[in-house]
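Working notes, beginning with the structure itself.
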Amino acid sequence: MRIDENSIRVRKFAALGDPVRLAIVDLLQDQDLSPDALATALGLQSNLLAHHLKILTELGVVSRSRSQADGRRTYLHLAPCAFADLLPAAAQIKTPRVVFVCTENSARSVMAEVLWHVHSKAPASSAGTDPAHRINPRTRTAIRRAGLTLEQTEPRDLDEILRPTDLIVSVCDAVNEKIARKPNPRLHWSIPDPARIGTDAAFAETFEEIKARVVALAPNVTCPPKRKRTANE
């Protein structure tokens with residue numbers, strides 16, 4: 001390995017030597033967060049958070065993108081493989097069911113549910129906050145080309161299927177900002193809507209991005225054992 005490559009690694013190690021920056025990386029491991037959400041989670045003033053984010057961004061550890069729902073809002077992402085095996089161990093999550101949510105339940109959340117069933121035994125479903133009248137045909141194409149089967153026949157309404165104990169994984173910026181007050185445990189993946197481009201290539205790219213997210217999260221999610229009924233129940 002060249003010296004200049006080692007120099008970059010040293011700078012990244014040094015960046016993680018700060019407790020605040022390490023905490024930022026921990027929080028961004030499984031989901032994307034807005035600067036405001038990060039500041040609240042860490043109890044930091046915005047100017048101090050900006051200082052730490054500048055260091056991580058310049059090193060290519062963290063990137064940001066604008067919300068498709070509200071252009072004034074940005075989301076922060078942990079760069080893939082930024083630290084390879086140096087990333088902290090992901091938190092273990094116990095939930096009776098995972099529910100993937102986007103606005104229309106016609107593309108991203110549908111893909112996520114199909115992929116989840118392949119990579120995890122934990123129950124899962126998907127839904128939309130404003131369901132479309134049908135699943136996007138290009139979603140069906142992307143799933144079929146991956147050799148998988150889509151059993152869902154039509155979009156579902158989140159309010160009709162959500163249970164208080166479900167883990168919500170929003171795959172749509174608009175949904176994340178809309179359901180902020182729901183009491184369910186939540187994770188957010190800031191994934192652009194392929195329907196805005198409307199090509200098979202865009203849907204295939206989104207499918208692969210969601211697949212990478214699902215593969216990373218699935219080993220860390222388990223379903224708690226069902227409580228046995230007593231003789232008096």
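The values are calculated or read from the model by the stated rules, or taken from the named source; none is laboratory data. Everything quoted here is computed from the prediction, not taken from an experiment. Note that we place each Cβ from the backbone using ideal geometry, even for glycine, and neighbour counts take in every protein chain shown.
Being modelled with pLDDT of 95 or more, of a type in the set (S, T, N, Q) and either touching a strand residue (DSSP E or B) at 6+ places or on another chain (Cβ under 9 Å) or within 30 Å of Pro19 (Cα to Cα) (or both) is a property that Thr95 has.
Among the residues making up region 188-203, those that are surrounded by fewer than 16 Cβ atoms within 10 Å (Cβ to Cβ) and closer than 15 Å to Pro137 by Cβ are Ile197, Gly198, Thr199, Asp200, Ala201.
Counting the residues of region 142-197 that are in a helix (DSSP H, G or I) and either in contact with a helix residue (DSSP H, G or I) (Cβ under 6 Å, 6 or more places away or on another chain) or not assigned by TED's automatic domain parsing to the domain that holds Lys211 (or both) gives 3.
Looking at region 132-145, I want the residues that are within 14 Å of Glu113 (Cα to Cα) and have a partner that is surrounded by 14 or more Cβ atoms within 10 Å (Cβ to Cβ) and of a type in the set (Val, Ile, Thr) with Cβ atoms under 8 Å, at least 6 apart or on another chain. Which pairs are those? What qualifies is Ile135/Val110; Thr139/Val110; Ala142/Thr206; Ile143/Val110; Ile143/Val114. Scanning region 18-39 for residues that are in a helix (DSSP H, G or I) and either under 19 Å from the mean Cα position of the chain (by Cα) or among the small types (Gly, Ala, Ser) (or both) yields Ala23, Ile24, Val25, Asp26, Leu27, Leu28, Pro35, Asp36, Ala37, Leu38, Ala39. Would region 180-193 turn up any residue that is closer than 23 Å to His119 by Cα and over 17 Å from the mean Cα position of the chain (by Cα)? So far as region 180-193 goes, no, none of its residues is closer than 23 Å to His119 by Cα and over 17 Å from the mean Cα position of the chain (by Cα).
If the condition is being loosely packed, with under 14 Cβ neighbours inside 10 Å and either in contact with a His (Cβ under 6 Å, 6 or more places away or on another chain) or closer than 18 Å to Lys94 by Cα (or both), then region 116-150 contributes only Lys121. Give me the residue from region 98-124 that is of a type in the set (Ser, Thr, Tyr) and in contact with a helix residue (DSSP H, G or I) (Cβ under 6 Å, 6 or more places away or on another chain) and, out of that set, farthest from Leu162 (Cα to Cα). For region 98-124, the residue satisfying everything is Ser120.
For region 151-172, the candidate set comprises residues that are among the charged types (D, E, K, R) and touching a strand residue (DSSP E or B) at 6+ places or on another chain (Cβ under 7 Å); within that set, the residue that is surrounded by the most Cβ atoms within 10 Å (Cβ to Cβ) is Asp166.
Taking first residues from region 55-74 that are within 17 Å of Leu28 (Cβ to Cβ) and surrounded by 15 or more Cβ atoms within 10 Å (Cβ to Cβ) and partners that are modelled with pLDDT of 95 or more and of a type in the set (Asp, Glu), the Cβ contacts under 6 Å between residues at least 6 apart in sequence or on separate chains come to Ser67/Asp173.
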